[in-house]
């Protein structure tokens, strides 16, 4: 059986954030807190006691 060693593992897309020309510093606090896995700002996850998402709730503003 062959042994394979991988010395340098990096997540896919890492270069988008590690590059000198990234856009992360341009985001406002509202934009950062509004990022919830692609959900609108007024949709919130509901967790069980083990912090597992069990549902989502819509809270209109």
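All of the numbers you see were taken from the coordinates with simple rules; none came from a lab. These figures come from a predicted structure and were not determined experimentally. Cβ placement follows ideal geometry from the backbone for every residue including glycine, while neighbour counts extend to all protein chains displayed.
Assorted remarks:
- Computed lengthening from residue 42 to residue 10, 0.36 nm per intervening residue step minus Cα-Cα distance: 8.2 nm
- Approximating the spin labels as points 7 Å out from Cα along Cα→Cβ, the residue 56-to-residue 30 distance works out to 2.2 nm.
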